[in-house]
Amino acid sequence: MTDLTNPKARAGVCLDCHLSGDGQGQFVKHSIMAAGHPRVSFEMDLFSTLQQHWTEDADYAQRKGKTNAMRNWAVGQAEAVKRSLTLFSQPGLAMEGVFPEFYFYDCHSCHRRIYDNSDGAITAQANPGRPIQAGMPPYNDENMIMLLAAARVAAPDLAGQFDARSKAFHAAMGQGRSQAVQTAGALRQTADALSDRFAGTSFSREQTFAVMNTIASDAIAARFTDYEGAVQSVMAIDTLLNGLVNQGAVSEGAAKGLRSRINQAYAAVREPNGFQPAAFRRALGGAVASIRSLR
């Protein structure tokens, strides 16, 4: 049996279906999305919590240990980045003949409302984490953004390397397939090192608060220019706060009092076509500012 209490092992199993795998029938092509498959997104701890069908009682904790939601979240982000880059590096998956496989790209960079009158306006915003030319569809980097936030707190010695390599990867997407694959390999290597580091990190109360602050900081929040990354950040704040409650670091009553602010952030990403980056960043900042009062 697979030991799913190991966060890396759990992520590997979950990702096969909830992001994509290279096994038969596991890869979610863009053509499958065109037939009705929903947008692909992955956040291991939140998804695990929503699907949990057992109770973590005292006996469970004695045998397997108490689940560390913060560790599962961080490892899940790293493993998602690794899986995406691994699949992208396989030519049989990343290309449809001479055309790129659009599964790997940010959906809403193309799927925006079309206006055929003079009221039309450019809605795309420059993203400091993506050094690409205007009009080029960006790689879906929602998990990369979260992984950088976690690295800046729990692995600061690797954060700079990961940031530089992720930007190099985005830039290489406009240079050619060979350059993109080469930089993907380097980025995957750093993501793997972060996954190993996080798997051995307890994520203390102070570290968890610091991660939430980092997600809402100017350096990271400026990257929430698109719907996918914004959704991932709200799930992260929700997961990390719940993790603090489960660990006894924050009382249930105190967290419940802040739920309305988190719900405001969720409301800001409820409708993809109505997503407004500036309004979302204000909602996210308000939620994190309220959570910061618990610190």
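Quick notes on this one:
- The set of residues from segment 87-118 being of a type in the set (A, V, I, L, M) and either in contact with a helix residue (DSSP H, G or I) (Cβ under 7 Å, 6 or more places away or on another chain) or open to solvent by less than 70 Å² (accessible area, probe 1.4 Å) (or both) comprises LEU87, LEU93, ALA94, MET95.
- Restricted to segment 256-277, and to residues there that are of a type in the set (Gly, Ala, Ser) and at pLDDT 90 or above, the residue that is surrounded by the fewest Cβ atoms within 10 Å (Cβ to Cβ) is ALA267.
- Some residue of segment 67-86 being open to solvent by 50 Å² or more (accessible area, probe 1.4 Å), at pLDDT 85 or above and farther than 24 Å from PHE47 by Cβ: no
- Count of segment 47-77 residues which are in a loop (DSSP other than H, G, I, E, B) and among the charged types (D, E, K, R): 3
- Considering (1) buried (at least 21 other Cβ atoms within 10 Å of the Cβ); (2) of a type in the set (Ser, Thr, Tyr); (3) more than 23 Å from HIS108 (Cα to Cα), the lone condition that SER202 does not fulfil carries the number (1).
- Test for SER84: is it closer than 23 Å to ALA149 by Cβ, of a type in the set (Ser, Thr, Tyr) and outside any helix (DSSP H, G or I): no
- Among the candidates THR49, THR55, residue that is over 14 Å from ARG10 (Cα atoms) and either among the β-branched types (Val, Ile, Thr) or surrounded by 20 or more Cβ atoms within 10 Å (Cβ to Cβ) (or both): THR55
- Scanning segment 133-168 for residues that are free of Cβ contacts under 8 Å to residues at least 60 places away in the same chain and in contact with a Phe, Trp or Tyr (Cβ under 9 Å, 6 or more places away or on another chain) gives PRO137, TYR139, ALA151, ALA155.
- All positions within segment 196-244 that are closer than 14 Å to LEU148 by Cβ, among the hydroxyl-bearing types (Ser, Thr, Tyr) and modelled with pLDDT of 95 or more: THR214, SER233
- Residue selected from segment 1-46 under the condition touching a Cys at 6+ places or on another chain (Cβ under 9 Å) and not in a loop (DSSP other than H, G, I, E, B), by the criterion least open to solvent (accessible area, probe 1.4 Å): MET44
The values are calculated or read from the model by the stated rules, or taken from the named source; none is laboratory data. None of the values given here were measured: they were computed from a predicted structure. Methodologically, a virtual Cβ is constructed for each residue, glycine included, from the backbone with ideal geometry; neighbour enumeration extends over all protein chains shown. Calculation scope for accessible area: heavy atoms of the full protein, side chains included, ligands and nucleic acids excluded. Shrake-Rupley method; radii C 1.70, N 1.55, O 1.52, S 1.80 Å.
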